[in-house]
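The values are calculated or read from the model by the stated rules, or taken from the named source; none is laboratory data. Here the structure is a predicted model, which means the values were calculated and not measured. All Cβ positions, even for glycine, are placed from backbone atoms using ideal geometry, and neighbour counts span all protein chains on display. Side chains included, ligands, DNA and RNA excluded: accessible areas come from the protein's heavy atoms. Shrake-Rupley method; radii C 1.70, N 1.55, O 1.52, S 1.80 Å.
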Amino acid sequence: MSKIILTGDRPTGKLHVGHYVGSLRNRVLLQNSGDFDEIYIMIADAQALTDNAEHPEKVRETIIEVALDYLSVGLDPAKSCLFIQSQIPELTELSFYYMNLVTVSRLQRNPTVKSEIQMRNFETSIPVGFFTYPISQAADITAFKATTVPVGEDQEPMIEQTREIVRKFNSVYGETLVEPEILLSSNKACLRLPGTDGKAKMSKSLGNCIYLSDPEDAVKTKVMGMFTDPDHLKVSDPGKVECNPVFIYLDAFCRDEYFAEYCPDYACLQEMKDHYTRGGLGDVKVKRFLLAVINEELAPIRARRAEFEKRIPEVYDILHAGSAKAEAKAAGTLSEVKAAMRINYFDDSELIRIQSEKYNG
Ligand code: ATP
Ligand code: MG
């Protein structure tokens, strides 16, 4: 069986370092590993509209930001098909049929959707489109026959929902769809990077992000203002590294070789953590080091972005060509789905013959 990747991002804001460690960095490694037959990376604008219906301009403007972020982290359109969700109508059609295979109570139990509803203060006025977006995600994944979905931990319930839909579809209509596997980062700190404010998740919608496109001075302000251990008041105080975003970011980004260059007092992150835990290491020193580390990681991304920013029409061409290729693949799956569901009336000469015989003997 072919190995196929499908993943993507909502164009609700520029991509941030949480996306990078949670998904983008891994995507580039997978892309360059040569282990996959097809890779689809989707800008999920239709999904973004489920909670931004009144702000289509925001979604429209953000498409290019996300595309630039993709290209600047090293996604290569020659290897990964970059496309825009709304340009593939087959995805909407698949969602409509999958809706019959999922109950309202099953959707209500989805923990990610539950917390997102709370975060957006929807209370009882939840848009139906938002409520059902896990079904549309199942359509996205299955349309490409994806075997592997590299995402952050918050997406786990969506992949589980997709697997249930696949099993249900295949048991009712016959073996048609492929059950995908989630691929999470093996680095625990990367599964759900917290915000600079210490909130559980760095998220475009919460404004607690370091963006991949932030210039050095913006990153400096954000890192130096980061939440740390609130009980670590004096340098001499013992500090906590667990649940301390500064150390979680270091877990996500730091490589030992950065110490020699930027903080030679320590050989590795564990030594720095031990000193912080014992007391005697101030937040400012740790933050300065983190700033250097993040800037090192972002430097090549910034350089590539600057190049692509000069070639905006070409970036739209990449998305246009990617969308055409993605549509062809999704159309193939939709035909199979319709045949399995027996709603392919005009392709079925047997049906026409039998009905004709019934009426005419
Ligand atoms: P929104 O608030 O609009 O939902 P978001 O920041 O959650 O935006 P998405 O586009 O929903 O971003 O998610 C894109 C991908 O990035 C998903 O795979 C998601 O799991 C991952 N991701 C998002 N935020 C983080 C994070 N803080 N840490 C790790 N991975 C993340
Ligand atoms: Mg999200």
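Structural remarks
- With respect to the conditions (1) assigned to a helix (DSSP H, G or I); (2) open to solvent by 50 Å² or more (accessible area, probe 1.4 Å); (3) more than 16 Å from ligand 2 (Cβ to nearest atom), ASP35 falls short on a single one, namely (1).
- For the range 66-119, the set of residues classified as assigned to a helix (DSSP H, G or I) and farther than 22 Å from PHE130 by Cβ consists of ALA67, LEU68, ASP69, TYR70, LEU71, SER72, VAL73, listed by residue number.
- A search for C-beta distances below 7 Å between a residue of the range 288-304 that is closer than 14 Å to LYS222 by Cα and any residue that is among the basic types (Lys, Arg) and buried (at least 16 other Cβ atoms within 10 Å of the Cβ), counting only pairs 6+ apart in sequence or on different chains, returns LEU291/LYS220.
- First in the range 139-152 and not assigned by TED's automatic domain parsing to the domain that holds GLU38 and part of a helix (DSSP H, G or I), second anywhere and among the polar types (S, T, N, Q) and at pLDDT 95 or above, Cβ under 6 Å, 6 or more apart: none
- Test: residue in the range 199-212 that is open to solvent by 30 Å² or more (accessible area, probe 1.4 Å), in contact (Cβ under 8 Å) with a residue 24 or more places away in the chain and more than 16 Å from ligand 1 (Cβ to nearest atom): no
- Taking the listed residues ALA330, ALA321, the one that is surrounded by 16 or more Cβ atoms within 10 Å (Cβ to Cβ) and in a helix (DSSP H, G or I) is ALA330, with no other qualifying.
- Exclusive hit being of a type in the set (A, V, I, L, M, F, W, C), surrounded by 14 or more Cβ atoms within 10 Å (Cβ to Cβ) and either more than 30 Å from THR12 (Cα to Cα) or within 16 Å of ligand 2 (Cβ to nearest atom) (or both), set PHE247, PHE259: PHE259
- Checking every residue in the range 17-29 against the condition of being more than 10 Å from ligand 1 (Cβ to nearest atom), open to solvent by less than 40 Å² (accessible area, probe 1.4 Å) and not aromatic (Phe, Trp, Tyr) gives at least one match.
- Residue list for the range 193-203, restricted to those being within 14 Å of ligand 2 (Cβ to nearest atom) and more than 10 Å from HIS19 (Cα to Cα): GLY195, LYS199, ALA200, LYS201
- Taking the range 184-213 as the range and being at pLDDT 95 or above and outside any loop (DSSP other than H, G, I, E, B) as the test, only TYR211 passes.
- Scope the range 118-160; condition open to solvent by less than 10 Å² (accessible area, probe 1.4 Å), within 15 Å of ligand 1 (Cβ to nearest atom) and not aliphatic (A, V, I, L, M); matching residues: PHE130, TYR133, PRO134, ASP140, PRO150
- With respect to the conditions (1) in contact with a Leu (Cβ under 7 Å, 6 or more places away or on another chain); (2) assigned by TED's automatic domain parsing to the domain that holds LEU24; (3) of a type outside the set (Ser, Thr, Tyr), ASN344 lacks only one, and its number is (1).
- Lone unmet requirement of (1) open to solvent by less than 10 Å² (accessible area, probe 1.4 Å); (2) within 13 Å of ligand 2 (Cβ to nearest atom); (3) among the charged types (D, E, K, R) for ASP9: (1)
- Taken together, GLU357, GLU336 contain a single residue that is part of a helix (DSSP H, G or I), in contact with a Ser or Thr (Cβ under 8 Å, 6 or more places away or on another chain) and among the acidic types (Asp, Glu), which is GLU336.
So that you can scan it fast, the table gives a plain yes or no per residue for (1) outside the structural domain of LEU334 (by TED's automatic domain parsing); (2) in a helix (DSSP H, G or I); (3) at pLDDT 95 or above; (4) open to solvent by less than 40 Å² (accessible area, probe 1.4 Å):
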| position | (1), (2), (3), (4) |
| --- | --- |
| GLU164 | no, yes, yes, no |
| ASN170 | no, yes, yes, yes |
| ILE182 | no, no, yes, no |
| LYS220 | yes, yes, yes, no |
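- Close Cβ contacts (under 9 Å, 6 or more residues apart or on different chains) running from residues in the range 341-361 that are without any contact (Cβ under 8 Å) to a residue 12 or more places away in the chain and open to solvent by less than 100 Å² (accessible area, probe 1.4 Å) to residues that are small (Gly, Ala, Ser) and assigned to a helix (DSSP H, G or I) comprise ASN344/SER335; ASP348/ALA339.
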